[in-house]
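Accompanying notes for the structure given below.
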Amino acid sequence: MRILVTGGAGFIASNVADAYVQAGHEVAVVDNLSSGFRENINPKARFYEQDIADPKVLDIFADFKPEVLNHHAAQISVPLSVDDPRGDARVNVMGWLNLLEGCRAHGIKRVLYVSSGGVVYGDPEQLPADETFPIRPESPYGIAKATGEHYLHFYSRQADFTYVTFRYGNVYGPRQVPHGEAGVVSIFIQSLMAGKAPTIFGDGSCIRDYVFVGDVVRANVLALGKGENVAVNIGTGIPTDVNQVYQAVQAAMKNQTPALSGPARRGDLKAIYLNASLAEKILGWKPEVRFMDGVKKTYEYFRDKAKGV
Ligand SMILES: NC(=O)c1ccc[n+]([C@@H]2O[C@H](COP(=O)([O-])OP(=O)(O)OC[C@H]3O[C@@H](n4cnc5c(N)ncnc54)[C@H](O)[C@@H]3O)[C@@H](O)[C@H]2O)c1
């Protein structure tokens, strides 16, 4: 298949693009390198350095003629979206609409869209959250992700393509940048590698659903052929708090440096984790990598990178 991967210089989508290339697909990457890196782009993929918020992105559809669009490019910072909702919407809403116009104009067959299970459900009363929970985003980033789901549904009817929306938990793993929704694993690893004690904000009891990037990649591969016009959670269903993340990082690195403590951050959700049984039913997807193993793999990646391996 000819697959256009947006954000393919970034953490998650570069891993997805690698898997698509590995599976023999023809891949093109669109990225403006605002948070991604050229070195992450698969050398067998065609690369378009382009801002998706610029309507020129439509030309790429005419040039590459993709059958599938896999959309990961985004402004990924929740705090930035709070400070600048219009800047967030420029990329996460208007950029997405440009791509959907490309899909409509060029007869795309299938779209995989990335939303966020960490933000679209807001602060639910019960957990784990499943896909029937009300959509109640509490940040402009979450509003944009949820709005994107509605636009996708609208365009799929207009343009007669099928889609799967992924609502990811907190994705972690090799190539993760130390910001964004789930940067804490890589922040802890990179600060200990630099010989510095990281800071845990508040009492470290904020709970998230940490899912390894290799498992997320598998969902992106499975969804090329399964799932019709549906949104699925992609998470482990296992609640993990920040103190447990730090303990896992300390164990993986065999480093007992105690963390510093800082003030609780305003606006952090207390707890979110996801029921992903719909993804199992529809895609045959289940997470396979245990948290401790994933943290170890992530540490090994950063350690080898620092050594230039
Ligand atoms: N990391 C997580 O835990 C998580 C959780 C839920 C959802 N997501 C979503 O997954 C996707 C990938 O996130 P990531 O963690 O890999 O982040 P990332 O920052 O590593 O990747 C995003 C990529 O998009 C590119 N990009 C940003 N703005 C662009 C623009 N205007 N035009 C073209 N390219 C642009 C960046 O350069 C980068 O390569 C995003 O849509 C994010 O919202 C991530």
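Read the figures in this text as sums done on the coordinates, not as results from a lab. Note that the coordinates shown come from a computational prediction; the quantities given were computed from them, not determined experimentally. Counting neighbours? That spans all protein chains shown, and the Cβs are built from the backbone with ideal geometry, glycine included.
Over all orientations, the stretch 194-309 has a Cα convex hull whose mean projected area works out to 9.0 square nanometres. Under 5 Å between amide hydrogens, built in the peptide plane, is the criterion, and for ASP130 it picks out ASN275 among residues at least 5 positions away or on other chains. Rg over Rh for the chain works out to 0.95, using Cα positions for both radii and the Kirkwood form for Rh. Direction-averaged projected area, Cα convex hull, the stretch 212-263: 5.8 nm², rounded to one decimal. Mind checking which of VAL114, VAL82, VAL245 has the largest fluctuation in a GNM of the chain, springs on alpha carbons under 10 Å? Highest fluctuation among the options: VAL82.
Partners of LYS254 within straight-line reach, counting aspartates and glutamates whose Cα lies under 17 Å from its Cα and excluding those fewer than 8 residues away in the same chain: ASP293, GLU300, ASP304. The angle between the Cα long axis of helix 291-306 and the main principal axis of the chain comes to about 90°, on a 0 to 90 degree scale.
Out of the DSSP beta bridges found with both residues in the stretch 162-309, what percent are antiparallel (nearest 5)?
15 percent
Against the longest alpha carbon principal axis of the chain, how many degrees, from 0 to 90 and to the nearest 10, is the axis of helix 96-105 turned? Once rounded, one gets 30 degrees. Each Lys and Arg Cβ is given +1 and each Asp and Glu Cβ -1; about its Cα centre, the chain then shows a dipole of about 580 debye. For the stretch 70-77, putting each phi into the Karplus relation 6.51 cos²θ - 1.76 cosθ + 1.60 with θ = phi - 60° gives couplings of 10, 9, 10, 4, 6, 7, 9, 8 Hz, in residue order, rounded to whole numbers and with x for Gly and Pro.
Highest GNM mean-square fluctuation among VAL232, VAL57, VAL171, for the chain modelled with Cα contacts below 10 Å: VAL57.
If Lys and Arg each add +1 and Asp and Glu each add -1, what is the summed charge of the other residues whose beta carbon sits under 11 Å from the beta carbon of LEU58?
Here the count lands on -2.
Angle, helix 11-22 long axis vs. longest principal axis of the chain, Cα atoms, 0 to 90°, nearest 10? The angle comes out at about 60 degrees. Scaled against 2.2 N^0.38 Å for its residue count N, the alpha carbon radius of gyration of the stretch 92-191 is 1.23.
Could you tell me which of VAL119, PHE188, ILE108 has its Cα farthest along the dipole of the chain towards the positive end, charges placed at Cβ (Lys, Arg +1; Asp, Glu -1), taken about the Cα centre? Highest projection toward the positive end goes to PHE188. Positive-end ranking of GLY294, GLY235, VAL249 along the dipole of the stretch 206-309, with charges on Cβ about the Cα centre, is headed by VAL249. Look at HIS72, HIS150 and count the other Cβ atoms within 10 Å of each Cβ; fewest to most, that gives HIS150, HIS72. Seen from every direction in turn and averaged, the convex hull around the alpha carbons of the stretch 84-125 projects onto 4.1 nm².
Along the stretch 122-136 the Karplus relation, 6.51 cos²θ - 1.76 cosθ + 1.60 evaluated at θ = phi - 60°, assigns HN-Hα couplings of x, 10, x, 6, 10, 9, x, 7, 10, 6, 7, 5, x, 7, 9 Hz to successive residues, with x for each Gly and Pro.
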